[in-house]
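Let me begin by presenting the structure, written as structure tokens, before commenting on it.
The values are calculated or read from the model by the stated rules, or taken from the named source; none is laboratory data. The model shown is predicted, which means the values in this text are computed figures rather than measured ones. Ideal geometry is used to build each Cβ from the backbone, glycine not excepted, and the neighbour counts take in all protein chains shown. Protein only, heavy atoms only, side chains kept; ligands, DNA and RNA dropped before computing areas. Shrake-Rupley method; radii C 1.70, N 1.55, O 1.52, S 1.80 Å.
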Amino acid sequence: MLGANGAGKTTTMQAIAGLMSWRGSIELDGRPLPRRPEQVVRSGVSLVPQGRGTLGALTVLENLRVGAAVRTDAAGVSADIDRWCEVFPVLGRRSRQTAGTLSGGEQQMLAVARALMSRPRLLLCDEPSLGLAPIVVQELFATLARINETDGTAMLIVEQNAELAMDLASTVYLLDVGTIAASGTPADFRADDAVRTAYLGY
Amino acid sequence: MDLFLERLISGLTNGSIYALLALALVVVFRGTGTLNFAQGELALFTTFVAWWLTTQSLPIWFAIAAALGVGFIMGALIERLLIRPVAKRNDMAVLIVALGLFTGLNSLAGLLWGSETKIMPSPFPNGESDFISIGGARLYGDALGVWGALIGLMGLMTLLFRFTKVGLHMRAVADNATSATLAGVRTSRILAIGWGLSGAIGALAGVLVTPLAPQQLSLTTMFSIFIAASAAALFGGLDSLVGAVVGGLVIGVLEAMLTGYVSVIGGSLQQTSALLIIVVILFAKPTGLFGTTKLVRV
Ligand SMILES: Nc1ncnc2c1ncn2[C@@H]1O[C@H](COP(=O)(O)OP(=O)(O)OP(=O)(O)O)[C@@H](O)[C@H]1O
Ligand SMILES: [Mg+2]
């Protein structure tokens, strides 16, 4: 999901996640989503909010365990913790450190891993690349692409860097003042001169 | 020397009670960011329940267990029915509700059980001869019992917060309620459990302190104890469990020493000395001695 500052990307994400009230309908697989955040998580949608929102006073491990709040399979939870600590090695190395003392990039990894701990069918990421070094962003996006492939987790990602987003995405939505101004495959987008000059700026 | 020891013992015993009630305050503060002004009166009310059950010739241990249960339920109900609806508005509204509860619970206890002083039996051996001698000082059974209760409760709370899912979720909500709810934590249930837990801890403090308190069980018993407990919680920065316990013990011992050794400070000035300690701490360190300045990376 692309769009200028103030286009309504975060608002959209927060509405889906149940952080604000809304009118109309939001559906996943044809079924309406509930309106309360913890119920949304239970129906398989997990948000990595803009600005991460990790639990600073809790350790990395504890953050991951909180991410599994909706699950009751203790063995599966431990296995998933091990898995994400391997996928994001920095989390494994710093598992007993409090989240507040991690670097910005490390916190972003933790936020993503914590959201994945609920085993979502749909992962929402609001500007996961914010404040990260370009190389780290590429690693993170490569990891997300792998998870999408192996687990079949659908992902809705807000990204300011249009080129980067279009390399990753199968469908691109362009948001403008709260409405979808254009949507299509990355190829469509690149081919459409009007959209390109108006929104992508080249 | 034995006089000093006796004062130390009595200070530690009162301090343990302050610590218990301070723990109740901290549990609520960490969850909701509210200083529950009604905590002392809730403890008083549940103590009256325990006393009333003993007058129905029920065993004291049963009465205490029932008071803890009533404390839990009342705490949880207060959160759900009175605090939560106004908490969305603003902090001042919560404060006013808590003050209303403070007078409301006190009046209700007076209405149900009358204003004359009651004698609350102690669950511990507290006869004239139930003591052991340490360096010439007498350590009575009920003092030991109160210490044991504090140590036991600290152990249980450590287990709760370190090793259980509910405890982990309570810490998550205390840290950042929005993040916790986004992770799927049932925030509202966790808050109710926190208030319930603090109601039960308050009840424990109440039933343990009244047999020791000079005015026994009356409508004013908890006032001075609540003030000392708030000082203890503040001493620890309001969000530290260890700080609340250390604070309670320090204030208890300081009070005992000040009233014992400084002749101008009679028994009636005890409360003032506790308040003085609060003021001094707040001047020196506004976040309390154990308060966490949250680490935030932006
Ligand atoms: N509660 C609110 N009341 C009034 N206006 C709001 C409110 N919340 C958001 N807005 C406005 O709605 C618009 C969309 O905000 P939103 O945070 O969704 O933008 P965004 O697309 O995520 O932008 P950015 O790229 O800067 O993160 C902004 O102009 C914002 O000021
Ligand atoms: Mg945004």
Relative to the longest principal Cα axis of chain B, at what angle does helix B:241-261 sit, 0 to 90 degrees, rounded to 10?
30 degrees
Straight-line reach only, C-alpha to C-alpha below 19 angstrom: list the aspartates and glutamates that B:Lys285 could link to, leaving out same-chain residues fewer than 8 apart.
B:Asp239
Once you sort the root eigenvalues of the Cα gyration tensor of segment B:2-284 as a ≥ b ≥ c, which label holds: rounded (a/c under 1.5), prolate (a/b larger than b/c) or oblate (the other case)?
prolate
Buried area at the B-A interface (accessible, heavy atoms, 1.4 Å probe, summed, Å²)
2000 Å²
So how tilted is helix B:221-235 from the main axis of chain B? Cα-based, degrees 0 to 90, rounded to 10.
60 degrees
Roughly what angle does helix B:91-113 make with the longest principal axis of chain B, taking Cα atoms, 0 to 90 degrees, to the nearest 10?
40 degrees
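Using a probe of 1.4 angstrom, how much of the accessible area of the protein assembly as shown is carbon and sulfur, in percent?
62 percent
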Could you check the spin-label model distance between B:Thr164 and B:Phe62? Points 7 Å from the Cα along Cα→Cβ, value in nm.
2.5 nm
If you build the Cα gyration tensor of the protein assembly as shown and take the root of 5 times each eigenvalue, what three semi-axes come out, in whole angstrom, biggest first?
55, 23, 20
List, by residue number, every residue in segment B:167-200 with a reduction of 40 Å² or greater in accessible area between the chain on its own and the complete protein assembly, 1.4 Å probe.
B:Leu168, B:Arg171, B:Asp175, B:Ser179, B:Thr181, B:Leu182, B:Ala183, B:Gly184, B:Arg186
Only helical DSSP H runs with n ≥ 4 go in: add -39500 (n - 2.57) per run for chain B, normalise by residue count and round the 222 nm mean residue ellipticity to 500 deg cm²/dmol.
-23500 deg cm²/dmol
Please arrange B:Glu6, B:Glu79, B:Glu116 by accessible surface area, largest first, computed with a 1.4 Å probe and ligands excluded.
B:Glu116, B:Glu6, B:Glu79
Counting only DSSP beta bridges fully inside chain A, the antiparallel percentage to nearest 5 is 40 percent
With a cut-off of at most 15 other beta carbons within 10 Å, and DSSP calling the residue loop, which trypsin sites (Lys or Arg not before Pro) in segment A:95-145 qualify? Please list them.
A:Arg96, A:Arg121
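Per residue, what volume in Å³ does the Cα convex hull of segment A:94-137 take up? Spell out each step's value before the answer.
On the way: hull volume 3.8 nm³, N = 44.
So the per-residue hull volume is 86 Å³.
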Using a 1.4 angstrom probe on the protein heavy atoms only, could you order A:Cys85, A:Cys125 from most to least accessible area?
A:Cys85, A:Cys125
Largest-first ranking of B:Val262, B:Val28 by accessible area, probe 1.4 Å, whole protein assembly kept, is B:Val262, B:Val28
Ignoring everything except DSSP H segments at least 4 long, calculate the 222 nm mean residue ellipticity for chain A; use -39,500 (n - 2.57) per segment, divide by total residues, nearest 500.
-12500 deg cm²/dmol
Chain B accessible area per residue, 1.4 Å probe, protein heavy atoms, integer Å², reads 45 Å²
Inter-part distance where segment B:10-39 and segment A:34-94 are each reduced to a Cα centre, Å
32 Å
What is the distance in Å between the Cα centres of segment B:81-134 and segment A:146-190?
58 Å
Threshold 40 Å² - residues in segment A:29-66 whose accessible area is reduced by that much or more when the chain is no longer isolated, probe 1.4 Å:
A:Glu38, A:Arg42, A:Leu55, A:Leu58, A:Glu62, A:Arg65, A:Val66
Largest-first ellipsoid semi-axes for chain A, taking √(5λ) over the Cα gyration tensor eigenvalues, angstrom:
29, 20, 15
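Can you tell me the accessible area per residue over segment A:2-200, all protein chains present, probe 1.4 angstrom, in square angstrom? Numbers along the way, then the final one.
Working: 9260 Å² over 199 residues.
Here the per-residue accessible area is 47 Å².
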Starting from the Cα of B:Lys118, draw a straight line to each of the aspartates and glutamates and keep only those under 17 Å, dropping any in the same chain fewer than 8 residues away.
B:Glu41
Radius of gyration, Dmax [segment B:103-234; alpha carbons; angstrom]:
18.9, 59
